[in-house]
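Here's the structure, in structure tokens; my notes come after.
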Amino acid sequence: MSPLHDDASSHLTCPSGISQPNEFSADERSLLLRLAHEAIASALDQREISLAPPSAHLAEPRGAFTTLYYRGGLRGCVGYVLPVTPLYRTVADSARGAAFDDSRFSPVTRDESRELQVSLSILSPPQPIPSDQVEIGRHGLLISLGPYRGLLLPQVPVEHGWDRITFLEQTCRKAGLPTDAWQTGARLEAFTAEVFRDPK
């Protein structure tokens, strides 16, 4: 499973606050946020933590992004789009990735770790969708055809002011496909994101 992170060629990779209705309870949200902090702290301490999911819900394979903030500024963002591993492990792995593997930043230090704010974006599993049912601000898109695959998160068309057709075309472009591939046989899937963060 390869992580995605914010970079110069894909500067809107990391989620930015658009959220769907809550699938996760307040207790589950708190647990996942604590896990993200603990995953970073344990890496700094070079100790192991249990990544056994505490419930069946948190054991479901899900994609997720972890975004870190330090004193109000972005400090790292890494995520996994496709649902390959249990959500509980995905959150731990993406938190460590955001803290130590985002190439735009030096690794988080122990002192910084005490002041980090964590934001988590949990992605729903991608599902096939007719192109005329894509909703701007609600859906992220995954387009694939043969070896080509492109993905844009739900906030990207909002931040660019795109309409539905432009969103579809730009997702094709991201995949390296012709901009009309969504009309000529490419597989179109949609997903949503639930975003929550540490209380301020």
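Given the criteria under 30 Å from residue 173 (Cβ atoms) and either modelled with pLDDT of 95 or more or not hydroxyl-bearing (Ser, Thr, Tyr) (or both), does residue 58 qualify? Answer is no for this residue. Within region 119-141, the set of residues being surrounded by fewer than 23 Cβ atoms within 10 Å (Cβ to Cβ) and not small (Gly, Ala, Ser) comprises 125, 126, 127, 128, 129, 130, 132, 133, 134, 135, 136, 138. Are there any pairs, at least 6 apart or on different chains, whose C-beta atoms fall under 8 Å, with the first in region 175-190 and more than 22 Å from residue 155 (Cα to Cα) and in the same structural domain as residue 131 (by TED's automatic domain parsing) and the second assigned to a helix (DSSP H, G or I) and among the hydroxyl-bearing types (Ser, Thr, Tyr), and if so, which? Close Cβ pairs (under 8 Å, with a partner that is assigned to a helix (DSSP H, G or I) and among the hydroxyl-bearing types (Ser, Thr, Tyr)) amount to 183/131. Identify all residues within region 22-53 that are part of a loop (DSSP other than H, G, I, E, B) and without any contact (Cβ under 8 Å) to a residue 60 or more places away in the chain; write none if there are none. 25, 46, 47, 48, 49, 50, 51, 52, 53, listed by residue number. Restricted to region 54-73, and to residues there that are hydrophobic (A, V, I, L, M, F, W, C), out of contact with any Asp or Glu (no Cβ under 8 Å at 6 or more places or on another chain) and outside any strand (DSSP E or B), the residue that is surrounded by the most Cβ atoms within 10 Å (Cβ to Cβ) is 59.
Report whether or not residue 119 is over 27 Å from residue 58 (Cβ atoms) and either part of a strand (DSSP E or B) or assigned by TED's automatic domain parsing to the domain that holds residue 66 (or both). No; evaluated as a whole, the condition is false for this residue. Looking across region 87-104, the residues that are more than 14 Å from residue 43 (Cα to Cα) and surrounded by fewer than 18 Cβ atoms within 10 Å (Cβ to Cβ) come down to 103, 104.
Being within 18 Å of residue 196 (Cβ to Cβ) and either in contact (Cβ under 8 Å) with a residue 40 or more places away in the chain or within 12 Å of the chain's Cα centre (by Cα) (or both) is the requirement here; does residue 98 meet it? So residue 98 passes the test. Residue count for region 60-91 under the criterion of being in contact with a Pro (Cβ under 9 Å, 6 or more places away or on another chain), hydrophobic (A, V, I, L, M, F, W, C) and over 17 Å from residue 125 (Cα atoms): the result is 2.
Residues in region 132-166 that are in a helix (DSSP H, G or I) and either of a type in the set (Lys, Arg) or at pLDDT 95 or above (or both): 5 in all.
The values are calculated or read from the model by the stated rules, or taken from the named source; none is laboratory data. Model, not experiment: these values are computed from the prediction. Cβ atoms come from the backbone with ideal geometry, glycine included; neighbour counts cover every protein chain shown.
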